[in-house]
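Some notes on the structure that comes next.
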């Protein structure tokens, strides 16, 4: 561009443009790389994370590149070398942070513990730094002596970033191995099912001991069933305890003991066993810890992720490091009651979905697991009591619906918890479990 000095105001604007250009492209590539890691480490139901990461990380990289623009101007770097410096710096900075977040906070991905040693991380860092210097030298020559010299310009940036976003969009539309499944699958059940019960497991997260001593609206269910006052959860977090509940294995043998562990496909779950016996199976998760991408959908005909994440994000996007950080910052600014509504579905919504599933399979026997998170994260006793009153009222309404539908006496209903609740001053605790058994439940219980 003729007519300006490298050190005047116009030169600064040009360098800002170079920083933005390089940052957009580098950031999007880093985002796509993290999305690919997340998606290949789980069993996703969709691939939105690829296109979401391309845009989100691209914008983050572009912002970082803009901040580096004045440095390019200050040091008088030419267009090609300045573009490469920003691209490498954004790639190393954003990529390093992304990798560290994935390794330290798996958030739904399988963490490779063998990569956690300081020595390995230091070695990788040194190798990347060496390659970065080589990349700057080679990249500057490529952007000077080949047709790619148009890349730092406006048209070149638009073509490059547009191509990256287009590629990400195409890949995001690929069919995923997971999925919500079908609410009413085409499955015929023989005449032998006439004497079998529906099996409904209601899992209340964070249920305290003593919650069923004064059952309130659940009085009829308690009277019809059996209370187990010494129910002991397998772990204090939903993923590990639910893996134990659904597999019948201790955390040491379920393969799902750590925060980043997924439920292995080779572990036979209760849903798989029930499906193998001909049951229609459905599950309603209410926590990312037990989402289908974490391996918990195996054996279920229908296992939808119904919670709507902020900013139009899907279940797969919720595992991206940068998205999780931004969501956390945003949620911290909201009142507690509003924040909870964005983190979990209410018991009323979960119960309504359960009734919809059973209605869709009215003529068939079903196995259904419903996860309820209303009490999880309560910080004081009044808050817990109010949440339990609402949850128990919704469960009682569900029991009333089963009776009105004529299904209660042909159902085995288990009300339990994934783990206990530790309120301030009380320490950790384990909840009681209740098995509410209908008219034909004796043999099932045995």
Does residue 96 satisfy being modelled with pLDDT under 90, farther than 29 Å from residue 297 by Cα, out of contact with any helix residue (DSSP H, G or I) (no Cβ under 8 Å at 6 or more places or on another chain) and surrounded by fewer than 20 Cβ atoms within 10 Å (Cβ to Cβ)? no
Exactly one condition in (1) at pLDDT 85 or above; (2) loosely packed, with under 12 Cβ neighbours inside 10 Å; (3) in a helix (DSSP H, G or I) is not met by residue 126; state its number. (1)
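In this structure, does residue 402 turn out to be under 30 Å from residue 103 (Cβ atoms), touching a helix residue (DSSP H, G or I) at 6+ places or on another chain (Cβ under 6 Å) and part of a helix (DSSP H, G or I)?
Judged against the criteria, residue 402 is not a match.
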Inspect all residues belonging to the range 287-299 and state whether any of them is more than 26 Å from residue 58 (Cβ to Cβ), touching a residue at least 40 places away in the same chain (Cβ under 8 Å) and over 18 Å from the mean Cα position of the chain (by Cα). no
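Take residue 226 and decide whether it is farther than 18 Å from residue 389 by Cβ and either under 21 Å from the mean Cα position of the chain (by Cα) or surrounded by fewer than 23 Cβ atoms within 10 Å (Cβ to Cβ) (or both).
Answer is yes for this residue.
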Determine if the range 55-65 includes at least one residue that is within 12 Å of residue 320 (Cβ to Cβ), surrounded by 23 or more Cβ atoms within 10 Å (Cβ to Cβ) and under 17 Å from the mean Cα position of the chain (by Cα). no
Among the residues of the range 304-318, is there at least one that is more than 24 Å from residue 101 (Cα to Cα), touching a strand residue (DSSP E or B) at 6+ places or on another chain (Cβ under 8 Å) and surrounded by 20 or more Cβ atoms within 10 Å (Cβ to Cβ)? yes
Just one of 192, 198 is under 21 Å from residue 411 (Cα atoms) and in contact with a helix residue (DSSP H, G or I) (Cβ under 9 Å, 6 or more places away or on another chain); which is it? 198
Exactly one of 446, 389, 404, 393 is within 26 Å of residue 194 (Cα to Cα), surrounded by fewer than 21 Cβ atoms within 10 Å (Cβ to Cβ) and modelled with pLDDT of 75 or more, and that one is 404
Any residue in the range 332-339 that is in a helix (DSSP H, G or I), under 18 Å from the mean Cα position of the chain (by Cα) and closer than 29 Å to residue 53 by Cα? yes
Exactly one condition in (1) touching a strand residue (DSSP E or B) at 6+ places or on another chain (Cβ under 6 Å); (2) outside any helix (DSSP H, G or I) is not met by residue 354; state its number. (2)
Considering 109, 117, which residue is surrounded by fewer than 14 Cβ atoms within 10 Å (Cβ to Cβ) and at pLDDT below 80? 117
Tell me which helices (runs of 4 or more DSSP H) are completely within the range 214-324 and hold 2 or more residues being out of contact with any helix residue (DSSP H, G or I) (no Cβ under 7 Å at 6 or more places or on another chain) and modelled with pLDDT under 90, or say none if there are none. 219-224
So is residue 281 within 25 Å of residue 364 (Cα to Cα), buried (at least 23 other Cβ atoms within 10 Å of the Cβ) and in contact with a strand residue (DSSP E or B) (Cβ under 6 Å, 6 or more places away or on another chain) or not? yes
Of the residues 175, 238, which single one is loosely packed, with under 14 Cβ neighbours inside 10 Å and within 21 Å of the chain's Cα centre (by Cα)? 175
Leading residue by the ranking (farthest from the chain's Cα centre (by Cα)) among those in the range 190-213 that are touching a residue at least 60 places away in the same chain (Cβ under 8 Å) and assigned to a helix (DSSP H, G or I): 195
Among the residues of the range 359-389, write down those that are within 23 Å of residue 337 (Cα to Cα), touching a residue at least 40 places away in the same chain (Cβ under 8 Å) and over 26 Å from the mean Cα position of the chain (by Cα). 380, 381, 389
Can we say residue 168 is on the phi < 0 side of the Ramachandran plot, assigned to a loop (DSSP other than H, G, I, E, B), in contact with a helix residue (DSSP H, G or I) (Cβ under 9 Å, 6 or more places away or on another chain) and surrounded by 15 or more Cβ atoms within 10 Å (Cβ to Cβ)? no
Filter the range 399-421 for residues that are out of contact with any strand residue (DSSP E or B) (no Cβ under 8 Å at 6 or more places or on another chain) and touching a residue at least 12 places away in the same chain (Cβ under 8 Å); the one that is farthest from residue 210 (Cα to Cα) is 405
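The values are calculated or read from the model by the stated rules, or taken from the named source; none is laboratory data. Keep in mind that this is a model prediction, so the values were computed, not measured. Because the Cβ atoms are built from the backbone with ideal geometry, glycine has one as well, and the counts that use them run over all protein chains shown.
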